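K.L.:
Right, I'll just put the structure down here and ask away after.
The values are calculated or read from the model by the stated rules, or taken from the named source; none is laboratory data. Note that the structure is a prediction, hence the values are computed from the model and not measured. We place every Cβ from the backbone using ideal geometry, glycine too, and count neighbours over all the protein chains shown. Accessible surface is based on the protein model in full, side chains and every heavy atom, while ligands, DNA and RNA are left aside. Shrake-Rupley method; radii C 1.70, N 1.55, O 1.52, S 1.80 Å.
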Amino acid sequence: MLSVDNLKSGYGRIEALHGVSIEVAAGEIVTLVGANGAGKTTLLRAISGVQTISAGRISFEGRSIESIPAHARVALGIAQVPEGRQLFAPLSVEDNLKLGAWNRRRGHSGNDIHRVYELFPMLRELRRTAAGALSGGQQQLLAIGRALMARPRLLLLDEPSMGLAPILVDQILNVVLDLKHNGLTVLLVEQNARAALAIADRGYVLETGAITASGRAAEIQRDKRVREAYLGV
Ligand code: ATP
């Protein structure tokens with residue numbers, strides 16, 4: 001579904017990704033494991049089109065997308081749930097959801113809102129509440145729900161468990177697994193590598209802007225170096 005080939009990107013003269021190649025097949029959860037500053041967010045943002053790239057190729061469902069602007073990539077089926085959720089705090093839950101469907105024709109988002117409410121019934125109860133008043137876990141569900149409003153086939157999910165209590169981390173990652181079972185493909189960035197590898201099919205290890213290991217999630221979990229560096233074993 002997604003193929004990233006030899007991608008380079010950075011900030012001014014600082015190169016943050018030094019030729020990264022990854023693949024994501026339809027129906028998979030693929031996770032990127034790496035320390036702070038390794039380039040995980042930069043890679044997700046390059047795929048969604050909000051980060052410029054200096055070299056490399058990105059193709060989605062067989063089509064080159066690196067010169068397509070971010071909003072058009074959403075229309076093709078790629079949606080990002082950004083790090084830190086980036087909700088519109090003063091707006092209600094329902095208005096945040098509606099904004100997730102902004103690039104579709106008016107009046108076509110009603111069914112999608114109901115679908116999101118079916119997935120996350122808590123959001124229906126909170127639909128008139130300001131997003132900024134929600135708990136961290138509720139905000140994360142809303143950020144995911146807002147992305148689903150664009151009807152993506154590929155979801156780019158950046159640090160969904162950030163700042164959440166351990167019990168909520170498992171709940172959020174179970175939500176991600178449910179999305180996969182509903183047919184969504186997910187590229188997941190997660191500081192909590194142990195939890196991410198537990199639900200992922202495959203993973204890549206990203207270190208200072210380069211992929212240093214890749215494989216089935218179970219293989220990565222057994223890798224001695226990964227265990228020492230990222231799983232605290
Ligand atoms: P984290 O888990 O902390 O979000 P990450 O793996 O997502 O880390 P990135 O945020 O992609 O890493 O950062 C990759 C590199 O790019 C780091 O060296 C970082 O300092 C640098 N960087 C990120 N954003 C900017 C920016 N806006 N301006 C300059 N350098 C940046």
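K.L.:
Which whole-number percent gives the relative contact order of the chain, counting Cα pairs below 8 Å spaced six or more residues apart?
P.N.:
27 percent
K.L.:
I want to check a number: in the chain, how many lysine pairs have alpha carbons closer than 25 Å, given a sequence separation of 8 or more or different chains? Intermediate values should be presented prior to the final figure.
P.N.:
On the way: LYS8/LYS40; LYS40/LYS180; LYS40/LYS224; LYS98/LYS180.
Taking the chain as the scope, the lysine pair count is 4.
K.L.:
When the accessible area of the chain is split by element with a 1.4 Å probe, what percent falls to carbon and sulfur?
P.N.:
Numbers: 5410 of 11000 Å².
Carbon with sulfur: 49 percent of the solvent-accessible area.
K.L.:
Something else now. Averaged over all directions, how much area does the convex hull of the C-alpha atoms of segment 87-151 cover when projected, in nm²?
P.N.:
Values: hull surface 14.9 nm².
For the Cα atoms of segment 87-151, the hull's average projected area reads 3.7 nm².
K.L.:
To continue, here is another question. Against the longest alpha carbon principal axis of the chain, how many degrees, from 0 to 90 and to the nearest 10, is the axis of helix 166-181 turned?
P.N.:
90 degrees
K.L.:
Follow-up question, since we're still on this one. Along segment 138-155, what does the Karplus equation 6.51 cos²θ - 1.76 cosθ + 1.60 (θ = phi - 60°) give for ³J(HN,Hα), rounded to whole Hz, x for Gly and Pro?
P.N.:
Whole-Hz 3J(HN,Hα) from phi for segment 138-155: 5, 4, 5, 4, 5, 4, 5, x, 4, 5, 5, 4, 7, 6, x, 9, 10, 10.
K.L.:
Between ARG13 and LEU99, what FRET efficiency follows from the Cβ-Cβ distance if R0 is 35 Å, with the result rounded to 0.05?
P.N.:
Working: r = 35 Å, r/R0 = 1.00.
That pair, ARG13 with LEU99, gives E of 0.50.
K.L.:
Under 11 Å from the 7 Å Cα→Cβ point of ASN182, by amide nitrogen: which residues of segment 112-143?
P.N.:
Correct set: 112-121.
K.L.:
Between segment 149-201 and segment 25-102, how far is it from one alpha carbon centroid to the other, in angstrom?
P.N.:
Here the answer is 14 Å between Cα centres.
K.L.:
Under a 5 Å amide H to amide H cut-off, with H placed in plane at 1.01 Å, what residues pair with ILE211 once short-range neighbours are removed?
P.N.:
SER21
K.L.:
When the chain is modelled as a GNM with alpha-carbon springs shorter than 10 Å, which of GLY136, GLY203, GLY145 fluctuates the most?
P.N.:
Among GLY136, GLY203, GLY145, the largest mean-square fluctuation in the Gaussian network model of the chain belongs to GLY136.
K.L.:
Once both axes come from the Cα atoms, what is the angle between helix 110-119 and the longest principal axis of the chain, in degrees from 0 to 90, rounded to 10?
P.N.:
For 110-119 against the chain, the angle is about 70 degrees.
K.L.:
Working out 0.36 nm times the residue gap between THR212 and SER54, then minus their Cα-Cα distance, what length gain in nm do you get to one decimal?
P.N.:
On the way: separation 158, 0.36 × 158 = 56.88 nm, distance 2.09 nm.
This chain segment gains 54.8 nm when fully extended.
K.L.:
Go through 183-196, 79-92 and give me the packing order, highest mean Cβ count within 10 Å leading. Spell out each step's value before the answer.
P.N.:
Working: 183-196: 21.8, 79-92: 17.4.
The most tightly packed comes first, giving 183-196, 79-92.
K.L.:
On each of the three principal axes of the Cα atoms of the chain, give max minus min coordinate, whole Å, ordered largest first.
P.N.:
Dimensions of the chain along the principal axes of its Cα atoms: 47, 41, 32 Å.
K.L.:
Taking every DSSP beta bridge that has both residues in the chain, what percent is antiparallel when rounded to the nearest 5? Walk me through the intermediate numbers first.
P.N.:
Numbers: 22 of 39 bridges.
Bridges in the chain that DSSP calls antiparallel: roughly 55 percent.
K.L.:
Can you give the FRET efficiency for ASN36 and GLN171, using 1/(1 + (r/R0)^6), R0 = 35 Å, r = Cβ-Cβ distance, to the nearest 0.05?
P.N.:
For ASN36 and GLN171, the calculated efficiency is 0.90.
K.L.:
Shifting gears a bit: What FRET efficiency, computed as 1/(1 + (r/R0)^6) with R0 = 35 Å and r the Cβ-Cβ distance, is obtained for ALA72 and THR129, rounded to the nearest 0.05?
P.N.:
Values: r = 32 Å, r/R0 = 0.93.
With a Förster radius of 35 Å, E is 0.60.
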